[in-house]
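Peer 1: The following block contains the structure, expressed as structure tokens.
The values are calculated or read from the model by the stated rules, or taken from the named source; none is laboratory data. Just so you know, these numbers come straight off a predicted model, no measurement behind them. Reconstructed Cβ throughout: ideal geometry from the backbone, glycine too, with neighbour counts over all protein chains shown. Surface accessibility is based on the protein's heavy atoms, side chains included, excluding ligands, DNA and RNA. Shrake-Rupley method; radii C 1.70, N 1.55, O 1.52, S 1.80 Å.
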Amino acid sequence: MLGQFWEAIFQIIQNLTDFLIPAVVGMAVLPIVLIFRRKLVHLVLFIIKKITGRFRAASAITDSFERPAVFLMTVLAVYLGIVAFVYAAGLRLEAGGFLVFLTKFLKICVICAVTWGLMNAAPPIVEAIQGGEKDVDKTLVVFFSKIVRVVLVIIAAVIVIAEIGYNISGLITGLGIGGLTVALAAKDSASNLFGGLVIIADKPFAVDDWIETPDLEGVVTDITLRSTRIRTFKDAEVIVPNSTLANAQIINWSRMKKRRVSFHLGVTYGTPTEKLKKATEGIRSLLQNHPDVDPDVIVVTFDEFGAYSLNLQIYFFSTKTSWGDYMKVKEDINLQILGYLESIGVEIAFPTQTLLCGKK
């Protein structure tokens, strides 16, 4: 009797050992992976970068998968922890349906993570395909990256729907029946899409270009399949349909090779003729020697007798075209002109009136 009692005790201890050891080991995987998942992902990506280091876009493409890999590592750790606990508890048959669901969920997470990474990697991949080691048009990279992302989302959605168990052929048939209705409803969208293709092919402007149309002026921030986003100089974002821009007159100020500066400078009527000649010659020489002024077109001449000043016409082109650099060139030249006129004793005029008083 006593022997049977101890045998029962040993059997219970054996069963607990058989359950606890796998359960503890399995459940320990979850917190360990959750704590070290980022470091593990960084290590794997670092190794991949070292292997593919000779390729220009390899680093950017590899970094695109960092967050999806961390997400996938988290899901995988939870999955393995749950499966280990179920098997250790001997609930394999009872939890069979749950494990099937869990496996499908894991597959869907893998599909989503891979799609997420490929969507992030689309810009460097497109840039590598189009340009290799050369600089490429940023607009083309942005535009085709968006197309690639849309295609990836569609493919991933179809795979997920198939994984869930939905009949794909029935879905495709339904899309075919409603295709005509969708096409008619999306007439404007199709027009904008073709407008975007025209913009990409003709290249009237690119991302980061400063453009002006009959309706607005600003910097292009994004070009999508449907519209173009323009940031105005009042810091407002305007979304313009591509079909509108494709048919509009566009001035692309960013493609100026040089930028004009033209103004009148008035000096006082009391300025002697010799000093007036010296002023025009000195300003002309100053402009010819300035590193940011086009030396081929410089005009400095005594232009007209103004209402209260002798007006000098100053006309030249700055080789700096961006707004900030252009304003710096103008400021530097204005300060130099002002200093030169002070050095030769020529005064700049300001509005004045002369009153003649006489006896009646």
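Peer 1: Could you list, ordered by first residue, the pairs with Cβ atoms under 9 Å in which the first is in the range 338-350 and more than 13 Å from L286 (Cβ to Cβ) and the second is of a type in the set (K, R), at least 6 apart or interchain?
Peer 2: From the range 338-350, the pairs are G345/K275; V346/K275; V346/K278.
Peer 1: Then there's this: For a quick check of your reading of the model, give me the residue pairs whose first member lies in the range 195-213 and is basic (K, R), whose second is open to solvent by 10 Å² or more (accessible area, probe 1.4 Å), with beta-carbon atoms closer than 9 Å and at least 6 apart or on different chains.
Peer 2: K203/D137; K203/L140
Peer 1: A further question follows. From the set of residues in the range 241-296 that are of a type in the set (A, V, I, L, M) and out of contact with any strand residue (DSSP E or B) (no Cβ under 8 Å at 6 or more places or on another chain), which is farthest from L216 (Cα to Cα)?
Peer 2: Looking at the filtered set, the residue picked out is L286.
Peer 1: While we're on this one: What tally of residues in the range 243-294 results from selecting those that are closer than 30 Å to D202 by Cα and over 47 Å from the mean Cα position of the chain (by Cα)?
Peer 2: 0
Peer 1: Can you tell me how many residues in the range 214-223 are free of Cβ contacts under 8 Å to residues at least 60 places away in the same chain, farther than 13 Å from W323 by Cα and not hydrophobic (A, V, I, L, M, F, W, C)?
Peer 2: Final tally of qualifying residues: 4.
Peer 1: Of a type in the set (G, A, S), over 17 Å from A113 (Cα atoms) and either loosely packed, with under 15 Cβ neighbours inside 10 Å or at pLDDT 70 or above (or both): is that true of G53 in this structure?
Peer 2: yes
Peer 1: Residue by residue through the range 219-251, note down the ones that are under 16 Å from D208 (Cα atoms), surrounded by 15 or more Cβ atoms within 10 Å (Cβ to Cβ) and of a type in the set (G, A, S).
Peer 2: The one that is under 16 Å from D208 (Cα atoms), surrounded by 15 or more Cβ atoms within 10 Å (Cβ to Cβ) and of a type in the set (G, A, S): S227.
Peer 1: Moving on to the next point. Exactly one of these conditions fails for L80: (1) surrounded by 16 or more Cβ atoms within 10 Å (Cβ to Cβ); (2) modelled with pLDDT under 80; (3) under 22 Å from I159 (Cβ atoms). Give me its number.
Peer 2: (3)
Peer 1: Could I ask something else about it? Let me spell it out: the conditions are (1) aliphatic (A, V, I, L, M); (2) surrounded by 14 or more Cβ atoms within 10 Å (Cβ to Cβ); (3) farther than 30 Å from W253 by Cα, and I344 meets all of them except one. Which number is the exception?
Peer 2: (2) is the only condition that I344 fails.
Peer 1: List every residue pair whose Cβ atoms sit under 7 Å apart, with the two residues 6 or more apart in sequence or on different chains, where the first one lies in the range 146-169 and is of a type in the set (A, V, I, L, M) and the second, anywhere, is in a helix (DSSP H, G or I) and at pLDDT below 75.
Peer 2: Pairs that qualify, where the first residue is of a type in the set (A, V, I, L, M) and the partner is in a helix (DSSP H, G or I) and at pLDDT below 75, are V148/V126; V158/I168; I161/I168; I161/L171; A162/I168.
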